[in-house]
Amino acid sequence: MDYHNPTDEIIGHSILVPNIFANIAVMFLSIRRVKSTLMQKFALNLCIPSLAYSVYSITVFALKLGSRKEEIDLTELVEMRENTELDRTADYILYVCAYDYQMLVISLVAITYATFAKPLFIQRHLEGWFIHVLFLACHLTAIAMTVSTMLSTDQTEAMVYEIPHALVIEWNDVVEAVFCLSTFAVLIGLYVVCIKSIFKFGRRNSITTRNSQNRNSMRTQLLAILAYITPPNIFVIPTSFCIDIFAVWLPKGAPVLTQICLVKVIFHDTLMGSRLLVSSIGILIVFPDYRKALLRAVWSRKYGTQFVRTISKAQMTSL
C-alpha cells in the first residue's frame, strides 16, 4: 500500500501535457534546425527520457481514471492505494529523469566553464567522443541511483504521515544522502566559480582593448546556462535536503526539514512535473540556438520562408 494525494496527481499529470509538446519541439529543432553542439546533445539527452516518462505516465493515469468506479474525492488530502506494476514503472522512469537532470546539468555547467576558462585544454583533450561517453555515464549513474532509491524504504513519507516504522539507516539511505548532498553542493560551487570567472573576465576586458569574440560568445553561453538551470534547481531543493537519513537522525518536528518534507511528499508529482516542464521550456527560451531556431520555424510556418539549420556562434564541441 502507498499514500497518494489525488489533487497532486491531477495537477502533476496536467503539467506533463505541455511538457510533451515542449519536448517534441526541442527534439524537432535539435534534429532539423540546430547545429550539433554541446547544448544540442544535452537537450536531446534530457528530453528523450522526459518525453518517455510524460507519455507513459499520462497513459497510465488515464487508464487508472477510466477503471475507477468511484469519483475522485479532491477534499481528501491523502488516500491509501495499492501500487501496481504500472505505478512502479512510472516511478522508476521518473527517478531516472530526476537523477538524469542533476547529472547532465552538472556536466553541462562544468564543461562550459572549462571551455570558457581553459579553452586550449578543452580543444586538446575533450573531443566529440568524450561528450557522448560523459552523457552515457550520467545516464548509467541515474539508473544506478534509481535502482537504489526503489529498493529503499521511503522514511521521509513515514515521517510526514507519522507512520510507525523502525528507525534504521540502510545502505540505500547513505547512498542517497551522499548523492543528493554532494550534487547540490557541486552545483552551488559551480555557480560561484562561474560567476567569479565572468566578473574577472569583464574587468579584464574593461582595461584592455583586445577582446576575443569567441570568449565573449562563451561568456554569453555560460550566462545562458546559469540562467537556464536556476529555475529548475528551485524544485531540486526539497529532494536534495528531505532525505531518509535526515528523517532518521533529526528529531521529530525539526524546523525547516519538516516543512520541506511536507512539500516533497504531499506535492511530489507536482514538483517533479514542474521541474520537467521548466527544464524543457527553458531550453527553447534561454538557449540562443533554440530560441532563434524556434522563431525561424514559426516565421517560416507563417510566411512560408525556408531556413537552413542554425549555426552556433560558439561551437563548444563538434561531433
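What follows is calculated from the coordinates using simple rules that are stated; it is not laboratory data. Note that the coordinates shown come from a computational prediction; the quantities given were computed from them, not determined experimentally. Quick reminder, even Gly has a Cβ in these numbers, built from the backbone with ideal geometry, and neighbours come from all protein chains shown.
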Put in order of increasing Cβ neighbours within 10 Å, starting from the fewest, 249, 129 give 129, 249
Please sort by residue number the trypsin sites (Lys or Arg not before Pro) in segment 240-298 whose DSSP state is loop and whose Cβ has at most 15 other Cβ atoms within 10 Å. 252
Can you put 53, 92 in order of Cβ neighbours within 10 angstrom, beginning with the fewest? 92, 53
D (µm²/s, integer) via Stokes-Einstein for segment 243-294, Kirkwood Rh across alpha-carbon pairs, 37 °C, 0.692 mPa s: value 243
Below 10 angstrom from the Cβ of residue 176, what's the summed charge of the other residues (Lys, Arg +1; Asp, Glu -1)? -3
Sequence of 67, 14 once ranked by neighbouring C-beta atoms within 10 Å, starting from the fewest: 67, 14
Output the pairs from 35/118; 200/292; 41/264 with a Cα-Cα distance over 25 Å in this structure; if there are none, say none. 200/292; 41/264
